[in-house]
Structure formats: C-alpha cells, structure tokens
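Q: Before we start, here is the structure in question, set down as structure tokens.
The values are calculated or read from the model by the stated rules, or taken from the named source; none is laboratory data. Keep in mind that this is a model prediction, so the values were computed, not measured. Using ideal geometry, Cβ is built from the backbone for each residue, glycine included, and neighbour counts are taken over all protein chains shown.
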Amino acid sequence: MNEKKYFTLEQANELLPAIQVELTALQAVQTRFAERYRAHAKLRRDTEPEQLMFGLESEMDFLQLQAKLHIDNIARTGAELKDIETGLIDFPAKKDGEEILLCWKQGEPEITHYHGLHDGFRGRKPIS
C-alpha cells in the first residue's frame, strides 16, 4: 500500500501545469463522450442500423479508457480530482500538524486556498 503523499504549497503549485494538461484532456474526452452518448440514444430511439450503434459504442468504450488514463495520471501525482467539469483538484498537505487539502480550481493561476478534509470547496480559506 502506498503511503499518502503530502505536498508543500510550492510542490503543488509546480505540479499545476501538468495537472492542467491532464484535466483539459479529460474534459475534452468527457465532452466527446457526452456527444456520442446523445447520438447513441438518438439512434436507439430512431432504430438506426446496428452497425452505427456498434461504432458509437466502441468509440464510447475507447473514450472511457482515455478518461481513466487521465484520471489515473492525476492520481499518480498524489493529487485528488474532485470535479472534472469545474476542474477542482485537492492536494493533501499539513498545516500546523493537521491534515488539510490545498485547493485549486481550474482557471486560478496558483493555489491560494485550503480546506479541512471534510469541509469541501465551500469551506475554503485563504492561505496565510
């Protein structure tokens, strides 16, 4: 079993460019999957040929594999993906001996907030 990784603020901020690449790719896969899913649902309603449905199903399977790869790549860094759409990522850290999560939202230039393990995004506090 892997030991939990704790980040300093500097380490987490240095990781943001790589996290951003994975997150952007994951969001693109999610968008493509949603499009294919809607197309598949429409084909099922319209009873189009099975070959078209099989092609969409195969593509959706591949997109799921791609998504898992990006999710795993983020997890391997020790960061925690909280929400794909809004781009929420937490980085386990310690502050005054207490476990916290450094909290980053896609679009923010750097990590400026943290929250407790059970506080979530709404419990964010500025890093002082």
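Q: Could you identify the single residue in 86, 112 that is without any contact (Cβ under 8 Å) to a residue 40 or more places away in the chain, within 18 Å of residue 33 (Cα to Cα) and polar (S, T, N, Q)?
A: Of the residues listed, the single one that is without any contact (Cβ under 8 Å) to a residue 40 or more places away in the chain, within 18 Å of residue 33 (Cα to Cα) and polar (S, T, N, Q) is 86.
Q: Does residue 69 satisfy being farther than 25 Å from residue 28 by Cβ and under 18 Å from the mean Cα position of the chain (by Cα)?
A: Judged against the criteria, residue 69 is not a match.
Q: Of everything in region 65-83, what is assigned to a helix (DSSP H, G or I) and closer than 22 Å to residue 33 by Cα? Give them in sequence order.
A: Within region 65-83, 65, 66, 67, 68, 69, 70, 71, 72, 73, 74, 75 meet the criteria.
Q: Then there's this: Go through region 108-120 and give me each residue that's loosely packed, with under 15 Cβ neighbours inside 10 Å and of a type outside the set (Asp, Glu).
A: Those that are loosely packed, with under 15 Cβ neighbours inside 10 Å and of a type outside the set (Asp, Glu): 109, 116, 117, 118, 120.
Q: Consider region 89-98. How many of its residues are of a type in the set (Asp, Glu) and either within 13 Å of the chain's Cα centre (by Cα) or at pLDDT 95 or above (or both)?
A: Matching residues across region 89-98 total 1.
Q: Any chance you could count how many residues in region 104-124 are more than 20 Å from residue 25 (Cα to Cα) and either part of a loop (DSSP other than H, G, I, E, B) or modelled with pLDDT of 95 or more (or both)?
A: 10
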